[in-house]
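K.L.:
Please read through the structure below; I'll follow up with questions.
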Amino acid sequence: MAADWRKQRFDEVRWIDVAEDRLLADPCLVAKDGVTWLFMEELRFREGKGFISVMNAACPEEWANAEPVLVLPHHVSFPGVFEYRNEYFMLPEQSESGRLVLYHSRAFPHDWQPCATLLEDMVVADPVLLEEGGYWWLFFSFCNEDGADDNTQLYYAEHLDGPYKRFAGSPIHEGLKGSRMAGQVFRENGKLIRPAQDCRRHYGEAIIFQEITELTPESYSERTVARVGPRKDWPFNLGVHNYSRAGGIVAIDGFRYRR
């Protein structure tokens, strides 16, 4: 992969050859002790309910050995895994529950236990936590009757476990281009980059990269700096809707029609 993410052409993509009875989506990479772990949603079509699995990202051909690490009574996806004070946390999407629960690992990358409820009585999609400027920032999209593709909400708190309150200018982004989160916010040369989806033609068509230029309890601003779409020669060439990187590896997901 190119060192500059804005110039990545994804010429060296190694696609995971997934069985036809399931999908893998929402990759989230975490590097620890020389190993880069790939967390992801796994959904078996017969069951119709997603759960979170993990595997060694260096061995994509062994996807069948991915281990389920978070299986809940309801659908769960978009595993936002991060390190804080030498501990590991996960904030997955769990919109069917109407709550947003944070999980803590007691034996990384396994044994995830609930440790805090960040939001109650809210149906939200693709939540992302970011620590910056003395605050914890919570990005997500509200799920409404039109879906969750056209808005980016922002809440913040002084502590990881809350309480979280709405940023006065939320929603910070509206429209089908660049609203719904497409991965964790990352830092590039001192700049914060928010990956977001381009859903103008359909869900998950491409990824828009938004540079966050101002982030305080009083103000927020961002600007578009890049767009990455699928290549025609990919086996999954109808869209790309999630981006993650760690340990010198970049992970994306794509989709195609089932055969």
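Any read-out appearing in this document is the output of simple, stated calculations on the displayed coordinates, not a laboratory observation. Small disclaimer: the values here were computed from a predicted structure and weren't measured. Glycine gets a Cβ as well: all are built from the backbone with ideal geometry, and neighbour counts include every protein chain shown.
K.L.:
For the chain, what log10 I(q)/I(0) values come out of the Debye formula at q = 0.08, 0.17 1/Å, with one point per alpha carbon and no solvent?
P.N.:
For the chain at q = 0.08, 0.17 Å⁻¹, log10 I(q)/I(0) is -0.28, -1.53.
K.L.:
May I ask for the percentage of alpha-carbon pairs in region 155-259 that lie more than 17 Å from each other?
P.N.:
Of all Cα-Cα pairs in region 155-259, 59 percent lie more than 17 Å apart.
K.L.:
Something else: Among Gly190, Phe139, Ser53, flag the residue with its Cα farthest along the positive direction of the charge dipole of the chain, charges on Cβ as +1 for Lys/Arg and -1 for Asp/Glu.
P.N.:
About the Cα centre, the residue reaching furthest to the positive side is Gly190.
K.L.:
Given that compact globular proteins tend to follow 2.2 N^0.38 Å, what is the ratio of the alpha-carbon Rg of region 1-120 to that value?
P.N.:
1.11
K.L.:
Let me ask something additional. Enumerate the calculated ³J(HN,Hα) couplings along region 145-157 in order (Karplus 6.51 cos²θ - 1.76 cosθ + 1.60, θ = phi - 60°), each rounded to whole Hz, writing x wherever the residue is Gly or Pro.
P.N.:
Result, ordered by residue: 5, 9, x, 10, 8, 10, 8, 10, 9, 9, 10, 8, 8 Hz.
K.L.:
If the elastic network links every pair of Cα atoms under 10 Å, which of Glu96, Glu222, Glu87 fluctuates the most in the Gaussian network model of the chain?
P.N.:
Highest fluctuation among the options: Glu87.
K.L.:
What is the magnitude of the charge dipole of region 5-255 about its Cα centre, with +1 placed on the Cβ of each Lys and Arg, -1 on the Cβ of each Asp and Glu, and no other charges, expressed in debye to the nearest 20?
P.N.:
620 debye
K.L.:
Same structure again: Enumerate the calculated ³J(HN,Hα) couplings along region 186-197 in order (Karplus 6.51 cos²θ - 1.76 cosθ + 1.60, θ = phi - 60°), each rounded to whole Hz, writing x wherever the residue is Gly or Pro.
P.N.:
Each residue's phi maps through the Karplus curve to give 10, 10, 10, 6, x, 10, 8, 10, 9, x, 9, 8 Hz.
K.L.:
A further question follows. Tell me, what is the percent relative contact order of the chain, built from C-alpha pairs under 8 Å that lie six or more residues apart?
P.N.:
13 percent
K.L.:
Further question on the same structure: Please build a GNM for the chain, connecting alpha carbons under 10 Å apart, and tell me which residue among Asn144, Asn242, Asn189 fluctuates the most.
P.N.:
Of the options given, Asn189 has the highest mean-square fluctuation.
K.L.:
Using modelled backbone amide H atoms (1.01 Å from N, in-plane), which distant-in-sequence or interchain residues come within less than 5 Å of Thr36's amide H?
P.N.:
HN-HN under 5 Å from Thr36: Ala57, Ala58.
K.L.:
Give the long-range amide H neighbours of Arg180: residues separated by 5 or more places, or on another chain, with amide H under 5 Å away, using H modelled in the peptide plane at 1.01 Å from N.
P.N.:
So Arg180 has HN proximity to Asn151, Gln197.
K.L.:
Chymotrypsin sites (Phe, Trp or Tyr not before Pro), restricted to region 200-259: which are DSSP loop and have at most 11 other Cβ atoms within 10 Å?
P.N.:
In loop regions of region 200-259 (DSSP not H, G, I, E or B), the sparsely surrounded chymotrypsin sites (Phe, Trp or Tyr not before Pro) are Tyr257.
K.L.:
What residues qualify as long-range amide H neighbours of Leu119, i.e. H under 5 Å apart, gap of 5 or more or another chain, H built at 1.01 Å from N?
P.N.:
Amide H to amide H, under 5 Å and 5 or more residues apart or across chains, Leu119 pairs with Leu100.
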